[in-house]
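Here the structure is laid out as structure tokens; the discussion comes afterwards.
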Amino acid sequence: MNKKVVMITGATSGIGEATARAFSQEGCKLIITGRRAERLAALKAELQEQYGTQVYIASFDVRDRAMCEAAVEALPEEFANIDILVNNAGLASGLEHLNEGALADWNAMIDTNVKGLLYITRVVSNRMIARGEGGHIINLGSTAGTQVYENGNVYCATKHAVHALSHGMRIDFLRHRIRVTEIRPGMVETEFSVVRFHGDQNRADNVYKGLKPLTGDDIAEAIVWAASQPAHVNISEIVLTPTAQADSYYKFVE
Ligand code: NDP
Ligand code: 8X3
């Protein structure tokens, strides 16, 4: 893994931030992205100081296709050959019955989780293909990528799309030796629920009451494990849940 170039979308918080730390410890060079530039700057300083990591910051909104392309085009030479792309940026916004859903929430989820992931993947995969040395694309799916729960409608649909797109990438990139892994977590305590409930911290805290959720570090460990397999091994999917969660429906809450 030493000196491999890893691009992580959504590294300002949660799973993406933990993944940046984990790849840093493996000696990788990092491209970290997200909209909150000040958080990226703080993370870069931390990783440089703790592990001597070379870090490049690209702060942009993945919903903006032109910005996605410009950010990748502008990469300095030492970061230009991306070996591993972690498509992590994403969100849930709102939790209502479909007829009561807010259009702004639907657009945010579809534009980020599906279209943003596609924009980044298109530009980065074309670079990997042109270079001809393979690569690895790791997509953040979810248990919600194969199950739908009440009020989850549009979020679950976007993660079903990530599930289908991961499969499609695995097929279309076969000839280019690009590995594709879908990481499919259940409940992970990050800023995810605060974002879903539009900043309502109490409501977010309630989601994890009575059980021990996964952490960003748990997911990061699985991501790095998948990425460190020998080049002929592709880990297609990893589904991780807290021990107290069987799937989207069954949880043991004490
Ligand atoms: P967080 O809210 O903690 O992190 C989300 C990250 O995505 C942030 O870095 C945020 O950066 C970035 N992001 C969101 N929108 C955009 C955008 N428009 N442009 C660029 N970056 C964006 O949540 P998690 O770490 O939990 O979520 C990461 C991924 O994991 C998501 O795809 C989520 O669906 C998935 N997931 C999460 C689970 C959970 O229970 N937490 C379970 C299963 C999957 P910024 O706001 O600075 O732009
Ligand atoms: C996040 C997990 O259960 O909130 O993808 O949909 S869940």
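Just so it is clear, none of the values below were taken in a lab; they were calculated from the coordinates. None of the values given here were measured: they were computed from a predicted structure. With ideal geometry, Cβ positions are generated from the backbone for all residues, glycine too; neighbour counts draw on all protein chains shown.
Computed values, structure above
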{"item": "Cα gyration tensor, region 182-234 - rounded (a/c under 1.5), prolate or oblate", "result": "prolate"}
{"item": "Rel. contact order, % - alpha carbon contacts under 8 angstrom, at least six apart, region 5-240", "result": "21 percent"}
{"item": "Nearest-20 debye value, region 148-254 charge dipole, Cβ charges on Lys, Arg, Asp, Glu", "result": "400 debye"}
{"item": "Neighbour cut-off at most 11 other Cβ (10 Å), DSSP loop, trypsin sites (Lys or Arg not before Pro), region 144-248", "result": "Lys209"}
{"item": "Among Val195, Ile219, Asn206 the positive-end extreme of the charge dipole of region 181-227 (Cβ point charges)", "result": "Asn206"}
{"item": "Fully extended contour minus Cα-Cα distance, from Gln229 to Asp61, at 0.36 nm per residue", "result": "57.4 nm"}
{"item": "Simple spin-label estimate for Lys212 and Ala80 in nanometres, 7 Å along Cα-Cβ", "result": "4.8 nm"}
{"item": "Overall dimensions of region 1-117 as given by Cα atoms, namely Rg and Dmax in Å", "result": "15.3, 51"}
{"item": "Counted charge near Ile32, where neighbours are those whose Cβ lies closer than 13 Å (Asp, Glu -1; Lys, Arg +1)", "result": "+3"}
{"item": "Dipole of the chain, positive end: most advanced residue of Gly135, Val62, Val154 [Cβ charges, Cα centre]", "result": "Gly135"}
{"item": "In region 156-254, the chymotrypsin sites (Phe, Trp or Tyr not before Pro) that fall in loop regions by DSSP, at most 13 other Cβ within 10 Å", "result": "Tyr249, Tyr250, Phe252"}
{"item": "Rg/Rh for region 155-203, where both radii come from Cα atoms and Rh is the Kirkwood radius", "result": "1.17"}
{"item": "Region 157-254: C-alpha gyration tensor shape, a/c 1.5 cut-off, then a/b vs b/c", "result": "prolate"}
{"item": "Quotient of C-alpha Rg and 2.2 N^0.38 Å, computed over region 5-240", "result": "0.97"}
{"item": "Fully extended contour minus Cα-Cα distance, from Arg177 to Glu221, at 0.36 nm per residue", "result": "13.5 nm"}
